[in-house]
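The values are calculated or read from the model by the stated rules, or taken from the named source; none is laboratory data. Just so we're clear, the structure is a prediction, and the values are computed from it rather than from any experiment. Heads up, the Cβs are rebuilt from the backbone with ideal geometry, glycines too, and the neighbour counts pull from every protein chain shown. Quick note on the areas: whole protein, heavy atoms, side chains included, nothing else; ligands and nucleic acids left out. Shrake-Rupley method; radii C 1.70, N 1.55, O 1.52, S 1.80 Å.
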Amino acid sequence: MKSKKVLFLIDTLNTGGAEKSLLDILPQFKTYIPIVCHVYKGEELKDKYMARGIQVYSLNIPPPYNFSKAIAGVTEVVRKCKPDIIHSSLFRSDIISRVVASRLKVPLINSLINNSYHPSRFRNAGFVMKLKLKGVQLIDALTAGKVDLFISNSEAIRHSNAKALGIPLEKIKVIYRGRNVQDFQNIPVSETELLKNELYIQHQTVILNVSRLLDRKGQIDLLHAFKIIRKDHTDTILLIAGDGPHRKLIEQAIADLELNEHVKLLGNRSDVPRLLSVADCFVFPSHYEGLPGALIEAMMAKVPIVASRIPENMECVDNTSATLHKPGDIQDLATAMSIALTSSEINNKVFNAYAQAMAKFDLQSIVEQYEKTYDDLLTCL
């Protein structure tokens, strides 16, 4: 019987990797009652949480920060629902949770889900942005001591954040993001054909990318590489599912490369399993990541994968399960895409990717790891 409660604190319930991952995990809890509180305005996924039986508190505080108001609102929620543990994700919620948990003496877990202080963020930033990033990092580091345990979604993130924030490695536990494999298997042929008709891709080879439209996700690299491979693969079309602040830059790049008729920006989608079912190749050219949930989904959907050779991706796939390329190298990416579309070894890689996904990312195993971690923390405190 469920008796203990965990309050999950998160910035918004808009569509994103952390939000979708929690939506998969929380309904599977067996011994803990999950409660969700989103601090700021943005609730695209709220109805889906509630439909799966998750209680949601919506503070809807105007962004970007309003920390004093946010702390007061979260304090009221904690006093009302009396959680045994607070578990937060993302920087703003982490800072709020550290203040509230410290004041109310509630055990606190923060999730490390992004490579927030990756060197490239500082290299690519202007002077003012560098100062802001350094300020954020300082605040993060100075308050990290208030956290009882960190859960990282990858070893790469564990080590990078430990170094950037001065957190002892033994205080960070790695639990991967899980996915329900059944969501990506046995998609009806009728659904696949319907989607092909909707997108007008009935007789084309489909390359798919699923991720937010951000500089670090490498979509500009992908567009340039796609332009190269179309010389030999004239029947290919590129689908990009996701949205984000770089949409206008990506639209401009599509126009500049004269790819308007061959690239479709699909925006945020709720039917990623269907999209994967029509894909002949999944491409994930990120420069750095947290743990790439979209890549895990492609592994479970048995789609040939091209991925950048970065530590976060390499915790999911290797040379036996994906065609890898040097991050940021457009020609190497184009070569990898061409290989994935033509190589006779692709079926072996697809099989290996699926086996690796089941060994590492099966949802039920992930849920069990979360609940055991909560038990262990409460026992130790």
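For the reader, a short list of remarks on this structure follows.
- Anchor K46: aspartates and glutamates whose Cα lies under 15 Å away (excluding residues fewer than 8 positions away in-chain): D11, E19, D24
- The Kirkwood radius of the chain, taken over pairs of alpha-carbon atoms, gives through the Stokes-Einstein law at 20 °C and 1.002 mPa s a diffusion coefficient of 99 µm² s⁻¹.
- The range 99-106 - phi-based ³J(HN,Hα) in whole Hz, Karplus 6.51/-1.76/1.60, Gly and Pro as x: 5, 5, 4, 5, 5, 9, 6, 10
- Gyration tensor verdict on the range 1-78 (Cα atoms; rounded if a/c is under 1.5, prolate if a/b is larger than b/c, oblate otherwise): oblate
- Amide H within-cut-off set for I54, under 5 Å, with H built and near neighbours excluded: none
- Rounded, prolate or oblate (a/c below 1.5 giving rounded, otherwise prolate when a/b exceeds b/c) for the range 202-334 by Cα gyration tensor: rounded
- Separation between Cα centres of the range 204-273 and the range 311-329, rounded to whole Å: 19 Å
- Estimated distance in nm for a label pair at T31 and L199, the labels positioned 7 Å out from Cα along Cα-to-Cβ: 4.2 nm
- All lysines inside 19 Å of K264 as judged from Cα atoms, apart from same-chain residues fewer than 8 positions distant: K196, K217, K227, K231, K248
- In a DSSP loop and with at most 11 other Cβ atoms within 10 Å, the trypsin sites (Lys or Arg not before Pro) in the range 1-45 are K2, K30.
- Apolar share of the accessible surface for the range 250-381: 47 percent from carbon plus sulfur atoms, 1.4 Å probe.
- Size-normalised alpha-carbon gyration radius of the range 71-174, reference 2.2 N^0.38 Å: 1.12
- Convex hull (Cα only) mean projected area of the range 138-227, reported in nm² to one decimal: 9.7 nm²
- Mean shadow area of the range 312-377 over all directions, Cα convex hull, nm²: 5.8 nm²
- Where trypsin sites (Lys or Arg not before Pro) fall in DSSP loop in the range 60-126, at most 14 other Cβ within 10 Å: K105
- Nearest-ten-degree value, helix 330-342 long axis tilted from longest Cα axis of the chain: 70 degrees
- Mean separation of Cα contacts under 8 Å (6+ apart) over length of the range 148-279, as relative contact order %: 25 percent
- Fluctuation leader among T143, T236, T12 - the chain, Gaussian network, Cα springs under 10 angstrom: T143
- Relative contact order (percent, whole number), the chain, Cα cutoff 8 Å, 6+ residue spacing: 15 percent
- Calculated over the range 55-96: convex hull of Cα atoms, volume per residue (Å³): 77 Å³
- Heavy atoms of the protein chains alone define the surface here; on that basis the range 64-180 has 47 Å² accessible area per residue at 1.4 Å probe size.
- Annotation: amide H-H contacts under 5 Å for I33 (H modelled 1.01 Å from N, sequence separation of 5 or more, or interchain): S3, K4, K5, V6.
- Principal axis dimensions, the range 255-304 - Cα atoms, whole angstrom, descending: 33, 26, 21
- Under 20 Å from the Cα of K2 - lysines, other chains or at least 8 residues apart: K30, K80, K82, K372
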